[in-house]
Amino acid sequence: QNVAVEPKDDNLFEWNCSIKADHDSPYRGGTYHFTLSLPTTFPFKAPSVTFKTKIYHPGINEEGAICVPVLRDEVGHCNLLAIIQEKLNNPSADDPFEPDVAAMLKNDKNRFLATAKEWTKKYALAMP
């Protein structure tokens, strides 16, 4: 299975999650861990997602925050994990958190893919 989710310390507002990318993604082979935090006012306020595994991705910044417009636009979106999976499978330079990574994806896709694969080997394969 590509996604695993479990409550953090029996807290239903904090979830430990892990996700794997599809075979044709530059992140394939890696397991990416992140925290999904639901505010007490959910679904009226958006959840936050923080990646714990370093990833070279235009939509995820150095602190692990993910740029998912649906978190801003459709707070109660029920397909959040599928959207995160899609971002891993198809990185996009649109709406980036990391402009330099987005520029590389647009202007030198082969270099972007090589760097993403290198980071996957370095950070996402070493995690338990």
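The values are calculated or read from the model by the stated rules, or taken from the named source; none is laboratory data. Values in this document were obtained by computation on a predicted structure and should not be read as measured data. Neighbour counts are summed over all protein chains in view; Cβ atoms, including those assigned to glycine, are modelled from backbone coordinates with ideal geometry.
Here are some notes:
- Qualifying residue in the stretch 111-124 (condition: surrounded by fewer than 16 Cβ atoms within 10 Å (Cβ to Cβ) and outside any helix (DSSP H, G or I)): no
- Spans of strands (runs of 3 or more DSSP E) in the stretch 1-70 with at least 3 residues loosely packed, with under 14 Cβ neighbours inside 10 Å, on the phi > 0 side of the Ramachandran plot and at pLDDT below 90: none
- The residues of the stretch 26-71 that are touching a residue at least 60 places away in the same chain (Cβ under 8 Å) and hydrophobic (A, V, I, L, M, F, W, C) amount to a single one, Ile55.
- Residue under evaluation Ala82, criteria (1) surrounded by fewer than 15 Cβ atoms within 10 Å (Cβ to Cβ); (2) under 13 Å from the mean Cα position of the chain (by Cα); (3) modelled with pLDDT of 95 or more; (4) not acidic (Asp, Glu), criterion not met: (3)
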